[in-house]
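The values are calculated or read from the model by the stated rules, or taken from the named source; none is laboratory data. All of these numbers come straight from a predicted model, not from anything done at the bench. Glycine also receives a Cβ, built like all others from the backbone with ideal geometry; neighbour counts cover every protein chain displayed. Just so you know, the surface numbers come from the protein's heavy atoms only, side chains and all, with ligands and any DNA or RNA stripped out. Shrake-Rupley method; radii C 1.70, N 1.55, O 1.52, S 1.80 Å.
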Amino acid sequence: MIKNIKNICCIGAGYVGGPTMAVIAKNCPEIIVNVVDVNKERINLWNSQCLDDLPIYEPGLDQIIKECRNKNLFFSTNIEENIAIADMIFISVNTPTKTHGVGAGQASDLKWVELCARQVAKYSLGHTIVVEKSTLPVKTAEVIKKILDAAQIDTEDKELKFDVLSNPEFLSEGTAIKDLENPDRVLIGGDNQDAIFSLNKIYSKWVSKNKILHTNIWSSELAKLTSNAFLAQRICSINAISALCEATGADVREVSRAIGSDTRIGSKFLDSGPGFGGSCFKKDILNLVYLSNYFGLNEVANFWEGIVKLNNWHQHRISQLVVKKLFGTVTGKKILILGFAFKANTNDTRESAAINICNDLLEEGAILFIHDPKVEQKQIEKDLEKKESSEMSKKSSQDEKKTNGEWFKVKDIALASKGADAIVVLTEWEEYSKINWEELSKNMRKPSWVFDARSILPQSEIVKNNLNFWRIGDGTEY
Ligand code: NAD
Ligand code: UGA
């Protein structure tokens, strides 16, 4: 029987759950959307009066929250109650790489997904469609189904019934709202036609019919992992070529343009950078590695594992290069880091290349002044596993006797550049492309370096102002 969806519950109010449900609520005003999470602090931030305090920064998200919150979009910790009244439940919880036990370091940790399935099994009433929104290894739907089926057997409620669908999310952070409003495709995997129809009906409110793809549930789960693996592999390929460009005098931007003009290759995702970050690329490839090994496909596993290894090498290559250019030592030297988020337009730092690069430089004894327009000081502290140094220490940051690495979060780039030996751009925030290099050059200690790992700085202006310049994948000596 086709279910008319009046009430949705999304478990997990994170980078996927929050924006995805906001866009559903906006496009389906007749549906009540409840987003629930165990993290009370996160829910409080979703409900904060000041829209600048939302837990996730995404361009355009604040406007939708303003429009829909407390009308048909609600954020709460009332998990039990909202599961019970839901016709459709999205599971949108985190699925990080396992840190211990079987598959540690590769397989996804499904404990949160399993817990969700158990909560759904316990509190659901009547017929409920359960949608996997989290990125999951192939065959996870089977685990969810088994837990839900067991509840059906145990219950006295004759109406209790579950259908499970896979509906992976393809949004990118920083452009989440745009991606959700105008997706390349929406993928729905499953075998129950009525359940598929119900989910299809929701998306068809704003997504054209030809963009909604239907597959079997395993293809849907695998397509999500494969999509991320292909994207990551592409970035890794161009980063590998960037190193070769630097060694040979070629320019990776020119190489990208030349190969990207081939319609079979295409021009997107060919920007060389400090190495891919983000919560998913590494985790999803490692998941693919685990699955391949599990099925005895060791060569397939080795192929994909190579991408993660090369990306890691590439990140460390950048920190080593900074040290080498600064006469082989950065001990006690002041380095201004521009950008800590894993990409622009997000406050997310998960797996950001900045973490490895900053840690390497701290290890070498550098004094880092870190700027990022959206990442908070306490997040950097967590990522670097090192406390920010005191104000007192900041005043003596140019002290040659300092040998232990330390870091400070800064707001004013010009002020922070005073006495700096180097500036390293790690995130492509637009404001960094508008820096006044004449002013910064006057502030810096000579000879000083500018390292542009994102290719966003005006090379001629920097060189004109007597600064040494290095840019990713650029073999020219400036
Ligand atoms: P996240 O860590 O930002 O959010 C997950 C939320 O789930 C957390 O707030 C956590 O408290 C909550 N949670 C965990 N267990 C819970 C439970 N039992 N009950 C209630 N709440 C619970 O994660 P995310 O970035 O939103 O990613 C979620 C999933 O989506 C992952 O599988 C990820 O791979 C996938 N994904 C992420 C992105 C992205 O851009 N971040 C894009 C596509 C897919
Ligand atoms: C990625 C995918 O693009 C999404 O489709 C997917 O839904 C999501 O992962 C997920 O499953 O989590 P996201 O990680 O948010 O999205 O951001 P991307 O734009 O893919 O960037 C990932 C990393 O690659 C960033 O560090 C970015 O700076 C880097 N990148 C991207 C490059 O270095 N060069 C490029 O040309 C593109």
Name the single residue, out of those in segment 258-291 being crowded, with 19+ Cβ neighbours inside 10 Å, more than 16 Å from ligand 1 (Cβ to nearest atom) and small (Gly, Ala, Ser), that is farthest from residue 471 (Cα to Cα). 275
If a residue has to be in contact with an Asp or Glu (Cβ under 8 Å, 6 or more places away or on another chain) and within 12 Å of residue 314 (Cβ to Cβ) to count, how many in segment 253-275 make the cut? 1
Residues satisfying the stated conditions in segment 308-357, i.e. of a type in the set (Lys, Arg) and under 13 Å from the mean Cα position of the chain (by Cα): 343, 350
Could you list all residues from segment 30-51 that are in contact with a helix residue (DSSP H, G or I) (Cβ under 8 Å, 6 or more places away or on another chain) and either in contact (Cβ under 8 Å) with a residue 40 or more places away in the chain or more than 16 Å from residue 177 (Cβ to Cβ) (or both)? 31, 33, 34, 35, 36, 37, 38, 45
Restricting segment 417-454 to residues that are open to solvent by 40 Å² or more (accessible area, probe 1.4 Å) and assigned to a loop (DSSP other than H, G, I, E, B), the residue that is nearest to residue 349 (Cα to Cα): 428
Which residue is farthest from ligand 2 (Cβ to nearest atom), if the candidates are limited to segment 29-43 and must be part of a loop (DSSP other than H, G, I, E, B) and more than 25 Å from the chain's Cα centre (by Cα)? 30
Across segment 3-28, what is the number of residues that are over 17 Å from residue 171 (Cβ atoms) and either within 13 Å of ligand 1 (Cβ to nearest atom) or assigned to a loop (DSSP other than H, G, I, E, B) (or both)? 7
Any idea which of (1) in contact (Cβ under 8 Å) with a residue 12 or more places away in the chain; (2) open to solvent by 20 Å² or more (accessible area, probe 1.4 Å); (3) within 16 Å of ligand 1 (Cβ to nearest atom) is the one residue 141 doesn't satisfy? (2)
Going through 243, 250, 195, 176 one at a time, which residue ends up being buried (at least 16 other Cβ atoms within 10 Å of the Cβ) and either within 16 Å of ligand 1 (Cβ to nearest atom) or among the β-branched types (Val, Ile, Thr) (or both)? 176
Cross-chain or 6+ apart pairs with Cβ under 8 Å, segment 211-237 first and within 14 Å of ligand 1 (Cβ to nearest atom), then in a helix (DSSP H, G or I) and open to solvent by 50 Å² or more (accessible area, probe 1.4 Å): 232/282
Filter pass, residue 334 being under 22 Å from residue 454 (Cβ atoms), surrounded by 20 or more Cβ atoms within 10 Å (Cβ to Cβ) and of a type in the set (D, E, K, R): yes
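Residues checked against (1) within 15 Å of ligand 1 (Cβ to nearest atom); (2) open to solvent by less than 10 Å² (accessible area, probe 1.4 Å):
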position: 106; (1), (2): yes, no
position: 129; (1), (2): no, yes
position: 133; (1), (2): yes, yes
position: 137; (1), (2): yes, no
position: 147; (1), (2): yes, no
position: 150; (1), (2): no, no
position: 160; (1), (2): no, no
position: 200; (1), (2): no, no
Across segment 164-183, what is the total count of residues that are part of a loop (DSSP other than H, G, I, E, B) and touching a helix residue (DSSP H, G or I) at 6+ places or on another chain (Cβ under 7 Å)? 7
